[in-house]
Amino acid sequence: MESSYSESDRPRISPHIWGIVELQPGERIEVSLDVTESYSSLNIPIPVVVERGEHDGPTLFITAAIHGDEINGTGAIRSLIADHNWKLKRGTLILVPVVNILGFDRHTRYLPDRRDLNRCFPGNPEGSLAARMARIIYDEIVRRSDYGIDLHTAAIRRTNFPCIRAEMNNPRTARLAELFGSQIILNQEGPAGSFRREASAGGCSTILLEAGEVWKVEPAIVEFAVRGILSVLAGLDMIEGEVQKPHSRVTINQSRWMRASRGGFLRFHCSPGEFVREGDPLATNTSITGVENNVITAPFDAVILGMTTLPCIAPGDPICHLGRLEKQHKSIDWIQKRMSVDTLHGRMVEHLSTNVRVVNPGNSSQSTDNVDSSTEREA
């Protein structure tokens, strides 16, 4: 992160004035926000759609593709723009389908200067390419907004089951996370320099959705994201509608990536979104010819937040991201039964598991693996 001054007391900018254009009540416009220049000195813009309700109210931004290869969120925002079944009655909605336009054009997570834009907020107008872009995005999007939802996917060669990440100790942020209607919330502040952390620190309560894989627009993920965004809009009284209330919700305060202690080829025994008990097999590590090396097991009761989609592993490679279920939660059987009532939840489990081959552990050895583990770092 490159920042030359504090943001906490900076005044907000009107969400209705964009350059020489002033947005009128009930109007929707598309504006181009210049974020950098090309080698030939031409402006490089990102498209922003802004809609204003008939009455005054809060301003909410929805952003996607801060990592340029994470386009599930882009698909969700495009669906919102094209959907005419809802109408903004109050407040202002700012939709940014692609934030990292340079990474998006190259189908890559990073910027051409090899920096991660999602570690450079709130930015610096005199810093690196990433820091300068972050400053423009922060000033033009965050400083106009009261709330934000940032849409992400897992990193390359991984998939994430949809969950909201939010600082649940902040009442405004916690309310936003609960309004989204996600069945799984991961209670995290976020890394220093990340968009949602710095936006929240600047007074714009922001949550993050992690869902699916890079380079894909997955139908069930888009449906989940759109449903959650509309639920937030309804909860903020910006549109007519009902708040999405999950049949069951778990809040995760600790998560851990299970990592391989040996190289090999994995047989997976779990899928994203599944619940596992302490000692359950997560994957069997074998040689290329199928000789068993060891079995990776769950060290505690957990939900599978994400996992690798690449079965070939080396020592230290991430295998499975576990969200720890704490004692105050209901039994796993109760949670699974309640969550199964939501048909979308079941479809997401089914769709995401098609990206990995999951087999029954059968009679394979239950010997435990001396698995390395690490605390999850946000995408």
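Here are a few things to note about the model shown:
- Candidates R347, R324: the one that is surrounded by 14 or more Cβ atoms within 10 Å (Cβ to Cβ) and within 13 Å of M258 (Cβ to Cβ) is R324.
- Restricting E189, E198 to residues that are surrounded by 22 or more Cβ atoms within 10 Å (Cβ to Cβ), in the same structural domain as V50 (by TED's automatic domain parsing) and not hydrophobic (A, V, I, L, M, F, W, C) narrows the list to E198.
- I94 being under 21 Å from E213 (Cβ atoms), buried (at least 20 other Cβ atoms within 10 Å of the Cβ), assigned by TED's automatic domain parsing to the domain that holds G212 and among the β-branched types (V, I, T): no
- Single residue of the range 15-45 satisfying the filter (touching a residue at least 60 places away in the same chain (Cβ under 8 Å) and not in a strand (DSSP E or B)) that is surrounded by the most Cβ atoms within 10 Å (Cβ to Cβ): P15
- Taken as a whole, the condition of being in the same structural domain as H152 (by TED's automatic domain parsing), aliphatic (A, V, I, L, M) and modelled with pLDDT under 95 applies to A220.
- Among the residues of the range 179-189, at least one is in contact with an Asp or Glu (Cβ under 6 Å, 6 or more places away or on another chain) and at pLDDT below 95.
- Test: residue in the range 242-264 that is farther than 17 Å from V341 by Cα, free of Cβ contacts under 8 Å to residues at least 12 places away in the same chain and either charged (D, E, K, R) or surrounded by 20 or more Cβ atoms within 10 Å (Cβ to Cβ) (or both): yes
- Matching residues, the range 240-277, being in contact with a Pro (Cβ under 7 Å, 6 or more places away or on another chain) and among the aromatic types (F, W, Y): W257, F265
- Applying a threshold of 6 Å to beta carbon distances and a minimum spacing of six or more residues, or different chains, the list of pairs starting in the range 48-68 at a residue that is closer than 19 Å to R106 by Cα and assigned by TED's automatic domain parsing to the domain that holds P122 and ending at one that is in a loop (DSSP other than H, G, I, E, B) and among the hydroxyl-bearing types (S, T, Y) reads G68/T108.
- Residue within the range 153-174 that is among the aliphatic types (A, V, I, L, M), surrounded by fewer than 24 Cβ atoms within 10 Å (Cβ to Cβ) and in contact with a Gly (Cβ under 7 Å, 6 or more places away or on another chain) present: no
- Within the range 265-291, the only residue that satisfies the criterion of being without any contact (Cβ under 8 Å) to a residue 12 or more places away in the chain and hydroxyl-bearing (S, T, Y) is T289.
- Residue list for the range 265-297, filter: of a type in the set (F, W, Y) and either part of a loop (DSSP other than H, G, I, E, B) or closer than 24 Å to V341 by Cα (or both): F275
- Here I304, I313, I319, I229 are screened, and the one residue that is assigned by TED's automatic domain parsing to the domain that holds K87, of a type in the set (V, I, T) and crowded, with 17+ Cβ neighbours inside 10 Å is I229.
- The listed residue being surrounded by 18 or more Cβ atoms within 10 Å (Cβ to Cβ) and not in a loop (DSSP other than H, G, I, E, B), out of L111, L80: L80
- Residue selected from the range 69-86 under the condition small (G, A, S) and more than 13 Å from the chain's Cα centre (by Cα), by the criterion nearest to E30 (Cα to Cα): A82
- The set of residues in the range 133-147 that are surrounded by fewer than 18 Cβ atoms within 10 Å (Cβ to Cβ) and not acidic (D, E) contains only I136.
- Number of residues in the range 219-264 that are among the basic types (K, R) and assigned to a helix (DSSP H, G or I): the value is 1.
- Residue match in the range 191-212 (condition: assigned to a loop (DSSP other than H, G, I, E, B), touching a residue at least 60 places away in the same chain (Cβ under 8 Å) and out of contact with any Asp or Glu (no Cβ under 9 Å at 6 or more places or on another chain)): no
The values are calculated or read from the model by the stated rules, or taken from the named source; none is laboratory data. Keep in mind the model is a prediction, meaning the values are calculated, not measured. FYI the Cβ positions are ideal-geometry reconstructions off the backbone, even for glycines, and counts take in every protein chain you see.
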